[in-house]
Amino acid sequence: MNDELQRTLSEILESGSQSNPAVNVLISDYAKYHAVLVIVGGCLVLLFALLSIIFWTKFKRSPKISKLKWGFERKAYFSFGLLSSSVALLMILIVVANLTNVLNPLHGFSLLNVSFKISNGATYKDELRYAFNEWIQSGNENIPSILQEKINKRIEFHTTKAIVCGILLILFVGLSVYIWNALVKRAKSNDSKWRFKEKAYFVFGIATVVLSLLMMVIVVANMQGAFAPITLFMMNLFNS
């Protein structure tokens, strides 16, 4: 049955036919999976582009100690300007790459490295694999209940994770803004000697930036999983 399914999928994907409703559901979910990243990524591009403009403007307006020496304020704005510009450029590349899969999902789906082989074991995962294979071969648009139940749980999992990480993202961003504003304010006071408190602030400030970016990635990834769970479910089912 595995060879037959693989052959059926290959024929449908190569011909570009829309005759199999079950495969159409997969293709639609695959396109939606990438569309989420295009939309969210596009918003992030605008956000980081705006941040880069703000930081570069503040960098240009910040005072110089000398031609060869920058103060902390100037270094901070330069670093954040460079970081936000880099993230914006990276997000542009990601958005463009995913946009191609949205516009031509059939081609992108055909490149997925998914093995539809089923082991000889009698595990619950094998039962799910059999159900998935039979669903695709049946051509029925309606997903079997045994699969739909797992997909619904995946939606719940990704939604919960996206919300929790979104809250953490807001907290880390807020904390980061507070810490770096405090450090810049300290630098403007012309007190160049840093005590333990300032050094701790600096370390925590870097940590909050890293954690904010990490939470951002996790939120976006889980939004994809929540809005388009079938693609992730399929890849997890057959590639593990």
From (1) within 16 Å of the chain's Cα centre (by Cα); (2) farther than 25 Å from Asn24 by Cβ, pick out the condition that doesn't hold for Thr231.
-> (2)
Glu156 vs (1) within 20 Å of the chain's Cα centre (by Cα); (2) surrounded by 13 or more Cβ atoms within 10 Å (Cβ to Cβ): all pass except (2)
Give region 37-92 a look and list any residue that's surrounded by fewer than 17 Cβ atoms within 10 Å (Cβ to Cβ), more than 30 Å from the chain's Cα centre (by Cα) and small (Gly, Ala, Ser), or say none.
-> Ser66
Checked against (1) modelled with pLDDT of 85 or more; (2) not in a helix (DSSP H, G or I), Ala122 satisfies every condition except (1)
Please go through region 207-240 and pick out each residue that is of a type in the set (S, T, N, Q) and part of a helix (DSSP H, G or I).
-> Thr208, Ser212, Asn222, Gln224, Thr231, Asn236
Subset of region 164-182 (residues that are closer than 25 Å to Val217 by Cβ and touching a residue at least 12 places away in the same chain (Cβ under 8 Å)) | Cys165, Gly166, Leu168, Leu169, Phe172, Val173, Leu175, Ser176, Ile179, Trp180
Residue count for region 12-36, restricted to those that are surrounded by 12 or more Cβ atoms within 10 Å (Cβ to Cβ) and at pLDDT below 85 = 4
Considering residues of region 147-195 that are aromatic (Phe, Trp, Tyr) and assigned to a helix (DSSP H, G or I) only, the residue farthest from Ser212 (Cα to Cα) | Phe157
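The values are calculated or read from the model by the stated rules, or taken from the named source; none is laboratory data. If you're wondering where the values come from, they're calculated on a predicted model, not measured in any experiment. Every residue, glycine among them, receives a Cβ derived from its backbone with ideal geometry; neighbour counts consider all protein chains shown.
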